[in-house]
Structures are given as C-alpha cells and as structure tokens.
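Step one of this worksheet: look at the structure below.
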Amino acid sequence: VVEALFWPALLGYGEAAFAYASPRTSRAATWGVRLGWLAQTALLIAQAANADGFPWSSWAGSLNLFVWFVVGAYLIWGCRPRFRLLGLAVMPLAAGLFVVARIGGGTDTGSSSAYGNVFLVVHVGFVLAAFAGFTLAAALAGLYLWEERRLKRRAADILRLRLPPLATLERLEWRTVIVSLPLLTVGLAAGIVRQHERGGSLDALEAVTLATWVVYAVFLGLRPSGRRAAYLAIGGFALVILARLVLAGSHFT
Amino acid sequence: MTLELIGLSHHVAPVELRERVTLDLDAASALAGQLGDSVVLSTCNRTELYLFGVDGDDALAALEGVAGEPLAGVVYRLHEDDAAQHLFRVAAGLDSLVPGEGEILGQVRAAYEAVETGPVLDRVFRQALGVGKRVRTETAIGESPASVSSAAAALAAQVFGDLEGRHVMLIGAGRIGELAASNLVSRGAQIAYVANRTVETARDLAHRFGGEAIALDDVAAKLGEVDVVVSSTSAPEVVLAASDVPAKHRTPLFFIDIAVPRDLDAGIARLDGCFLYDIDDLEAVVADTLNGRRAEATRAEQLVEEEVERYRAWRASLDVVPAIASLRARAEEIRNAELAKLKGRVSDDERRTIESVTSQILNKLLHLPTVRMKEAAVSADGAAYADAVRHLFGLEDEK
C-alpha cells in the first residue's frame, strides 16, 4: 500500500514542479499539488498504521514528514494564480526532498523508535512544522526581493508577469513566521527538557536550531520591513537547510 | 429575411466623418424605431446599424441623412454569419482601438436594451453580450491597463496591493494628473493633497477629490503623510529633489512622474523604499501589456469563432423548426380525430390506455425524422428537407 501511495504523491508533486512554469498549466499544477498531498497524507497514515511507535523518527522519515508540512503550508494560500511562482519555488524543492526521503528509507513502513510517542510528536512534529513554515516564509521573501528588484528597475513586463503585490508578500511572510516561531519554541523546549532529563550534551543540530530560533525571534522582535525582513527570513532559512540536510544525520542516530 | 449590418468605424472612417454620424442613445434608438427591426450601436469609434428584414438601402439612406453626405464608398455591409461575427468581435472588444477594452460591452448592452427587437436580433445581441462576458472571463485580454494613467494606478497596486486608505499627493493640477488621480481613486485611494504653483488652481481640484490644496513649497513637508505621489506640472525645472525625500517613511513611497520635462529627481529611484516611474517607463509598461493583450486576442478570436458556429446552427434550425412543428401538429390532429371515434365504445380506463399507447407510437415514429431534419439544417440541407416533409405529409398549406 505504501509503495502504491508514494508514486502518485511523487507524480503529483513532480507534475506541479513542471506545470507551474507556465501560466496556462498552473491550474493543472495546483491539482497536482492537491492530489499529491492527499496521496502523501494517505502514505503517512499507512506508515502510522503499520509502525510500532512514532514512524518518522529517523532522519529520512522526518524528511518525509517535513515535505508533507511544507506542501501543506503552501496549500493554505498558494493555490491562487498569482502565487504561481511561489509554487515554482516550493514544489521542485518538495519533490526533490521527497525523493531523498524515499532513498533514505523514510517512506518505508515498520520503523520504530526508542522514544515515547508523545515526546516525538511534540518534538519532531512541532519542529518540522515550524521548519516548513520558515521554508514557505523564505520562498515568499525570495519572491519579495525579486519583485522589488523588478519594480526598482522598472521592468516593462512588471504587469504581465504579475506576482502578488509587495505588501501582500510581506504580510504573508510575517504571518508565516509569527505562526511558525511558537511551534519551534514548543518543539525545542520539549527536546531541551528531554535532554536535560537524560543528561546529554548539545549537538551541532541543536545548536543550529537554537540559532534559527534566535534569528526568527529577532525577526518578530524588531519587525523589520521590506528588504531587511526578506534578508532575515532567508538567513533563517539557510540555518533550516543546514539543520535539515547537513547536520540532521548525527542527531537521529 | 436576413440579418444585415451597415456601419462605419475607426478602421474605415476618419474622426471628422465619425463625429458626424455619432448619435446619443436617444437619437440611436429613435433611428432604430424609424427603420424597423433594428439596433443602432453608436460610439465615438463606430456607428453600426444591425437590421433584420429591413431594406439595407433604406437604412443606408437614413444614415447618409444623418451624415449629410453619401457613405456608399465608406461603409461596410455584412450579412448573416459575417454580421453576427462582427457583432461578437465588437462586444468582445476585439474590434476596438485598444484590443479587449471593456467599455464597448456596456455600449452594446445599452444599444440593445434601448429598443424592442424581433427574435433574431434579440438572439444575436443576447449571444453577443454572452460572448463579451466569456472573453473577459476566459482570457486575460482585459486585465492589463491600456493607458498611462491606468498603468500608473496598476503599478501602485503592485506595490501596496489594495489601495483602500492609501494617500495620494498630486503635484500639478493639469488634466493628465487628474486622470491618474481618478484611476487611483477608482481603486480606493484618497487624494490627500493637491500641490500647485498657484494654490487657487489646486484648490478647485482638491475640492473635487476631497483633498487639501497646498503650495509647491510644502510638498517635501507633507511627503511623510502620503504613499503615492503623482507629478504632472509644466515646470521647466525639477520640482522635487531626492534630498527632499525623508530618509525614513512609514511605508514604501511610489512616485509617478508624468511631466515632460520631468518633475522628479531621477535620484529618488535609488532611495531605499522609493519607486519612481516616469512617462517613458509607463509607456513601456503599457506597450508590453498591449502585446500581452494581442496574444490573448488570438484565444478570444477562437471563442468568437465557436460562438459564430453556435449562431449558425441556431439560424439553420429556424428553417426546419416550422416544418417539424407542422408535422407534429398534423400527427396529433389525426390521433385526436381517431380517438374521438372511440367515444362511447370503450371504458375510461381503456381510453386512457389507448391514448398513452398512441402517444408513444407517435413520439417514436416522429423522433428520427425530427433528429434527421435538425442535423440536415446544420449542414445547409435544412430547407430542402423541410420542403420534402411538407410535400410528403401535405403540410404545404401550413407553410
């Protein structure tokens, strides 16, 4: 069953990644996202039903869950024609990471973890949901910078190749961070409490995740606007990438 | 009786001639009433007479009466499908000076609603209004601005999104600036200040938009209170220098410089959070969006062609519908006559059964000929089939 669900999900995400390239096929792309996400949701349910404990506690498994959160966050407001380029930024990344999760065995069944389910749901689930939000915020920030540059340079095609207005991009970026940071706070707190109880030491992933928290806390605290906000959101996302793709391996062993 | 169009437009007639035959809605509907079953569409770019069963030469003579000169060499005359296709293109904005402009659809509606029409003109105009709507919803032809002033408003919306509650400062009280201001206001913006060398002139415009008139010297001091600045003075020198713009402002500042020579220091574009568009930039944006409109026009033409096919099929069906109706009426007449002979010879239950059975037999028998005649109508054999049916079933008298 899991095998049968992985491919439709990948097909949906892959189709969306290509179809968002043209305005004429963006509606088909949105349907690809929706159907792919439903297939991945079914896959996650099948994994949960077959697992002895929290099924996404491995690095690859958590990547699988991360992709689901990213696409889910995109679905909240990405399915509109003017957000086509947001889809073009998010969906290739989602499809690529989904394949990496698959190669790493993150879409298999039968995994188990030594940790309690409640702790893993709170720690892994919340941290990944926050990271997915930061990914979306970075994509919005990237679009903001691109659009702002086109406006500054007075590009003649500014109204033909139309993005959401600058103010909208900035507002959505802010809202995404304001929702994501509390999730990261709860997820991090759960991890720190557990580590304190077990007496472990801070590893590289945890240090970078704390740094990520600081960056976004500064973002909310200073409430920068325009380009500064976009640079800060993208800077925070660089730490997310570092945490998810470079340092995560040691944390999950 | 045929559908005919007689008209002239910006494609074939200079403005000197067009303005002589331009009629307001009352005059246009009066002319239509005088001609018979007709609709007169008259705008600044076209005057067109859509006629059904009206002598075209008489209509042309009436139009020449309005123009005060012969028009035979200028007007175009189209018939049936060609006339319908032309009307559909007009309603869709495809025949307009700016492809896809939306005003014409309202003008077509007004012309149609101002007169009583027969079934053919009624159908063709209702379909034309549908085509106009369909083209605007299924293509992006009408989405982009087609003028410098509407482009300026669209660009401001690209920065701020909804312009509701955004404050605008007009520098200069000229006609072009007023047009840009109207476009911004139509998107929800408020004109906060009108600055002019002569404050008295500014006061009149400010009053109309509900803003405040200020002197040119006060512009820099008020910049912190506005989001959009539109400048269109005839001043020979720069009106606002980059150094006059406050380094910190609460939102982005969007400057539109429609003046030649330019009013606003080009250095403003380099300031953080400031966007500056001059007349060349705006014209480049408009040219680009017009190219986009032309690309969308190809898709719109396909929609028009589909609708012309539908109209053609409907018109063809008009040839056979009377024959079908006569055939069914004759069959029903025979059935009723035979049923009448049963009166008193069968019970009520038996009578109801016989009525039901004979009705079903009739329907089944006539179903295939009806379908075949409708198919033949679309392929242009409709009239021949209709004549054959009338002859075979003795329906000539009812023709």
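Among the residues making up the stretch B:328-382, those that are of a type in the set (A, V, I, L, M, F, W, C), surrounded by 14 or more Cβ atoms within 10 Å (Cβ to Cβ) and either modelled with pLDDT of 90 or more or farther than 25 Å from B:Arg310 by Cβ (or both) are B:Ala331, B:Leu339, B:Ile354, B:Leu362, B:Leu366. Scanning the stretch B:258-304 for residues that are over 29 Å from B:Pro99 (Cβ atoms) and either assigned to a strand (DSSP E or B) or within 8 Å of chain A (Cβ to nearest Cβ) (or both), we see that the one that is most open to solvent (accessible area, probe 1.4 Å) is B:Asp272. Against the test of being open to solvent by less than 40 Å² (accessible area, probe 1.4 Å) and more than 14 Å from chain B (Cβ to nearest Cβ), the options A:Arg150, A:Arg198, A:Arg244, A:Arg194 yield a single qualifying residue, A:Arg244. Of all the residues in the stretch A:157-186, those that are modelled with pLDDT under 90 and either open to solvent by 10 Å² or more (accessible area, probe 1.4 Å) or at positive phi (or both) number 4. Of all positions in the stretch A:81-97, at least one carries a residue that is modelled with pLDDT of 90 or more, in a helix (DSSP H, G or I) and open to solvent by less than 10 Å² (accessible area, probe 1.4 Å).
Count of the stretch B:142-177 residues, restricted to those that are closer than 22 Å to B:Pro236 by Cα, part of a loop (DSSP other than H, G, I, E, B) and either within 11 Å of chain A (Cβ to nearest Cβ) or not hydrophobic (A, V, I, L, M, F, W, C) (or both), is 2. Look at B:Val124 and say whether it is surrounded by 19 or more Cβ atoms within 10 Å (Cβ to Cβ), aliphatic (A, V, I, L, M) and more than 13 Å from chain A (Cβ to nearest Cβ). Considered against the rule, which asks whether it is surrounded by 19 or more Cβ atoms within 10 Å (Cβ to Cβ), aliphatic (A, V, I, L, M) and more than 13 Å from chain A (Cβ to nearest Cβ), B:Val124 comes out as yes. The listed residues are B:Ala83, B:Ala67, B:Ala91, and the only one of them that is farther than 16 Å from B:Ala128 by Cβ, among the small types (Gly, Ala, Ser) and surrounded by 16 or more Cβ atoms within 10 Å (Cβ to Cβ) turns out to be B:Ala67.
Condition test on A:Glu197, is it of a type in the set (Asp, Glu) and either in contact (Cβ under 8 Å) with a residue 40 or more places away in the chain or in contact with a strand residue (DSSP E or B) (Cβ under 6 Å, 6 or more places away or on another chain) (or both)? No.
Within the stretch B:47-61, is there a residue that is surrounded by fewer than 15 Cβ atoms within 10 Å (Cβ to Cβ) and either of a type in the set (Gly, Ala, Ser) or touching a Phe, Trp or Tyr at 6+ places or on another chain (Cβ under 6 Å) (or both)? Yes, the stretch B:47-61 contains a residue that is surrounded by fewer than 15 Cβ atoms within 10 Å (Cβ to Cβ) and either of a type in the set (Gly, Ala, Ser) or touching a Phe, Trp or Tyr at 6+ places or on another chain (Cβ under 6 Å) (or both).
The values are calculated or read from the model by the stated rules, or taken from the named source; none is laboratory data. Computed from a prediction, not measured in an experiment: that's the story for all the values here. Note that each Cβ is placed from the backbone with ideal geometry, even for glycine, and that neighbours are counted across all protein chains shown. With ligands, DNA and RNA removed, areas are computed over all heavy atoms of the protein, side chains included. Shrake-Rupley method; radii C 1.70, N 1.55, O 1.52, S 1.80 Å.
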